[in-house]
Amino acid sequence: MSSPRTGGVERLRRLGRSLTNASASALVDNLVDHLDVVIEGVDLATRALGAAGGGVAAPVAARMEAVEHRGDSLRRRLVSGLAECLTPPLDREDLFRLSRAIDDVLDNTRDFLREWQLYRPEHPRNLASLLESASAGLEELRGAVAAIRVDPDAASPHLLAAKQQAHQVRRRYESEVASLLAGGEVTVEVLKHRELLRRLDVVGIRLDEAVDILFDALVKRGAGLGPTPSR
């Protein structure tokens, strides 16, 4: 039978573990929320492609600005949480880099929407297909991050699927550029689409970086050791 003193120590230990787990879980929740915000931003950009003449409706532009502010707020909250968490679920540096890569996806999506409005191309061609691949990859990355809480090994299939979608963005970018150049004449419209395609290619590159960062972070912790994604 434990003494009152021993029982008190054990209760303190349980409280410490509970607080540590709650703090670590909050960091994961923050990243999941951040990805939700980025997915919302990609959805807004996709909807903007339906506007005639490259226009962006005022409500869409205002919502994108609000989405960007929410993303910045979540990133600041994660940085603050890293300083306060005693035992983060992954290395602090990796969590910081992952948050930055996720934010880079959002920043480039915002820039795409801004450039779409500035250039005002006559039609969207197949730009939406690149955004669809980016959105699918972000959904898979979100699943991988959420898995950290309960079963880090379950993150691997999500990461592999996210990487495939990131690569799909690049393949579609290359295909669309080839299609543009096949016309022979380099018109203003061709230049507009070349710039917009390049911006979406960067979205895919940043998504790919986020996947690699999380996979490497899991391997450091001896988790997520499924098949390593091709680089």
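The values are calculated or read from the model by the stated rules, or taken from the named source; none is laboratory data. Just so it is clear, the model here is predicted, and its values are computed rather than measured. Glycine gets a Cβ as well: all are built from the backbone with ideal geometry, and neighbour counts include every protein chain shown.
Is it the case, given these coordinates, that Ala146 is touching a residue at least 24 places away in the same chain (Cβ under 8 Å) and either hydrophobic (A, V, I, L, M, F, W, C) or part of a helix (DSSP H, G or I) (or both)?
Yes, satisfied.
Is it the case that some residue within the stretch 166-173 is basic (Lys, Arg) and free of Cβ contacts under 8 Å to residues at least 24 places away in the same chain?
yes
Please give the number of the condition Pro124 fails out of (1) farther than 30 Å from Val28 by Cβ; (2) of a type outside the set (A, V, I, L, M); (3) in a helix (DSSP H, G or I).
(3)
Just to check your reading of the model, which residue among Arg114, Arg125, Arg110 is of a type in the set (D, E, K, R) and over 26 Å from Arg70 (Cβ atoms)?
Just a single option satisfies the conditions, and that option is Arg125.
Being within 15 Å of Gly41 (Cβ to Cβ) and small (Gly, Ala, Ser) is true for just one of Ser156, Ser135. Which residue is that?
Ser135
So which of Ile205, Ile148 is touching a helix residue (DSSP H, G or I) at 6+ places or on another chain (Cβ under 6 Å) and either within 19 Å of Leu35 (Cβ to Cβ) or modelled with pLDDT of 95 or more (or both)?
So the residue among Ile205, Ile148 that is touching a helix residue (DSSP H, G or I) at 6+ places or on another chain (Cβ under 6 Å) and either within 19 Å of Leu35 (Cβ to Cβ) or modelled with pLDDT of 95 or more (or both) is Ile148.
Return the pairs, sorted by first residue and then second, in which the second residue is surrounded by fewer than 18 Cβ atoms within 10 Å (Cβ to Cβ) and among the β-branched types (Val, Ile, Thr), the first residue lies in the stretch 72-96 and is outside any helix (DSSP H, G or I), the beta carbons are less than 8 Å apart, and the residues are 6+ apart or on different chains.
Note: pairs meeting the criteria are Cys85/Thr20; Leu86/Thr20; Thr87/Thr20.
Of all residues in the stretch 89-124, which are buried (at least 20 other Cβ atoms within 10 Å of the Cβ), more than 15 Å from the chain's Cα centre (by Cα) and not aromatic (Phe, Trp, Tyr)?
Those that are buried (at least 20 other Cβ atoms within 10 Å of the Cβ), more than 15 Å from the chain's Cα centre (by Cα) and not aromatic (Phe, Trp, Tyr): Pro89, Leu90, Leu113, Pro121.
Considering each of Arg199, Arg149 in turn, give the residue that is touching an Asp or Glu at 6+ places or on another chain (Cβ under 9 Å) and under 23 Å from Asn30 (Cβ atoms).
Matching residue, one of Arg199, Arg149: Arg149.
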